[in-house]
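Q: My structure is below; once you've seen it, I'll send some questions.
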Amino acid sequence: QLQHEVSHLLAPYPIQRLTVALLGDIVEGEGVHPTQSHLLDQINPAQLQKAFPYLQGLLEERTAPIVLQAYLAATILANELLIPLSRQYPLRVRGCLGNHGRLSKYFHPHSNADGLVYLFLRELLRGVADAVWTPSEFCVVPVAGHPVLLFHGTSIPVHYGVPFYGILRRVMCWLSYNTFGKIELVCLGHFHVAFYYGGTPAVLVNGTLVE
């Protein structure tokens, strides 16, 4: 169903190569806030396999550990969206790390379950799509000759619960210092609020499927 909706949105455009940007927080995580590991969804294998028959070997879990979150995210993304899209378009997948995947403040910053998702996807999409992940919050990708910055957004401050000022201020600083060179579009995750700013560069924040 997801692949059909995406294909419908893309149909009017002449696409030579499709780039899918995964902007972090692909997993829910376990240590974003105290007790989070005890508040995650229960794993019901029969229910999951009814929706996604290719999921095999799952055990019932009272709470979903982060490695299982990464496996489910990668497997469902590959089978429900990326592999079907690769049959329609030459496909490229790029990803940056979010904060929900961080294992602990005591771990290396790149020890992140979003990275596990991207590594699993690289194997699942081998021979199907060009899938690469960057062990960083930042990734610059040329799309049809236009430089696009992928950035999760964790380090951008939020003022009075509203991220817009912090986002635009950070983007203007990057422009002033030429941090990433010429950038025409900045794509962000993190903020759970979708919006588009049509400036130079343009800014797209992808929102969230869950809150």
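The values are calculated or read from the model by the stated rules, or taken from the named source; none is laboratory data. All values reported here derive from a predicted model rather than from experimental measurement. Ideal geometry is used to build each Cβ from the backbone, glycine not excepted, and the neighbour counts take in all protein chains shown. Areas reflect the complete protein model, heavy atoms only, side chains present, ligands, DNA and RNA absent. Shrake-Rupley method; radii C 1.70, N 1.55, O 1.52, S 1.80 Å.
Q: Can you find a residue that is open to solvent by 70 Å² or more (accessible area, probe 1.4 Å), in contact with an Asp or Glu (Cβ under 9 Å, 6 or more places away or on another chain) and within 24 Å of Val67 (Cβ to Cβ) anywhere in region 195-210? Don't jump to the end; show me each part of the working.
A: Of region 195-210, the ones open to solvent by 70 Å² or more (accessible area, probe 1.4 Å) are 196-197, 200, 204, 206, 209-210.
From what is left, the residues that are in contact with an Asp or Glu (Cβ under 9 Å, 6 or more places away or on another chain) are 200, 210.
After this cut, where a residue has to be within 24 Å of Val67 (Cβ to Cβ) as well, the list is 210.
Yes, region 195-210 contains a residue that is open to solvent by 70 Å² or more (accessible area, probe 1.4 Å), in contact with an Asp or Glu (Cβ under 9 Å, 6 or more places away or on another chain) and within 24 Å of Val67 (Cβ to Cβ).
Q: I need a count of the residues in region 181-200 that are out of contact with any His (no Cβ under 6 Å at 6 or more places or on another chain), assigned to a loop (DSSP other than H, G, I, E, B) and in contact (Cβ under 8 Å) with a residue 40 or more places away in the chain.
A: 2
Q: Look at Leu188 and say whether it is open to solvent by less than 50 Å² (accessible area, probe 1.4 Å), within 20 Å of the chain's Cα centre (by Cα) and modelled with pLDDT of 90 or more. Step through it out loud before you land on a result.
A: Values: open to solvent by less than 50 Å² (accessible area, probe 1.4 Å): yes; within 20 Å of the chain's Cα centre (by Cα): yes; modelled with pLDDT of 90 or more: yes.
Judged against the criteria, Leu188 is a match.
Q: Kindly establish whether Gly24 is closer than 21 Å to Val141 by Cα, open to solvent by less than 70 Å² (accessible area, probe 1.4 Å) and either of a type in the set (A, V, I, L, M, F, W, C) or within 15 Å of the chain's Cα centre (by Cα) (or both).
A: Working: closer than 21 Å to Val141 by Cα: yes; open to solvent by less than 70 Å² (accessible area, probe 1.4 Å): yes; either of a type in the set (A, V, I, L, M, F, W, C) or within 15 Å of the chain's Cα centre (by Cα) (or both): yes.
Spelling it out, Gly24 is indeed closer than 21 Å to Val141 by Cα, open to solvent by less than 70 Å² (accessible area, probe 1.4 Å) and either of a type in the set (A, V, I, L, M, F, W, C) or within 15 Å of the chain's Cα centre (by Cα) (or both).
Q: Among the residues of region 8-45, how many are in a helix (DSSP H, G or I) and farther than 19 Å from Ala144 by Cβ? Write out each step before concluding.
A: Of all residues in region 8-45, those in a helix (DSSP H, G or I) come to 8-10, 36-38, 45.
If we keep only those that are farther than 19 Å from Ala144 by Cβ too, we end up with 8, 36-38, 45.
The qualifying residues number 5.
Q: Tell me the residue from Leu97, Leu209 that is modelled with pLDDT of 90 or more and within 20 Å of the chain's Cα centre (by Cα), please. If you could, list the steps in order and put the result at the bottom.
A: Details: Leu209 fails: modelled with pLDDT of 90 or more.
Among Leu97, Leu209, only Leu97 is modelled with pLDDT of 90 or more and within 20 Å of the chain's Cα centre (by Cα).
Q: Within region 49-82, which residues are part of a helix (DSSP H, G or I), closer than 16 Å to Val27 by Cβ and of a type outside the set (Phe, Trp, Tyr)?
A: So the first thing to find is which residues in region 49-82 are part of a helix (DSSP H, G or I), and the list is 49-51, 66-82.
With closer than 16 Å to Val27 by Cβ added as a condition, the list becomes 66-78.
Scanning region 49-82 gives Ile66, Val67, Leu68, Gln69, Ala70, Leu72, Ala73, Ala74, Thr75, Ile76, Leu77, Ala78.
Q: Residues that are touching a residue at least 60 places away in the same chain (Cβ under 8 Å) and surrounded by 15 or more Cβ atoms within 10 Å (Cβ to Cβ), at least 1 per element: which helices (runs of 4 or more DSSP H) completely within region 83-180 meet that?
A: Working: elements: 83-86, 113-124, 164-177.
In region 83-180, the matching helices (runs of 4 or more DSSP H) lie at 83-86, 113-124.
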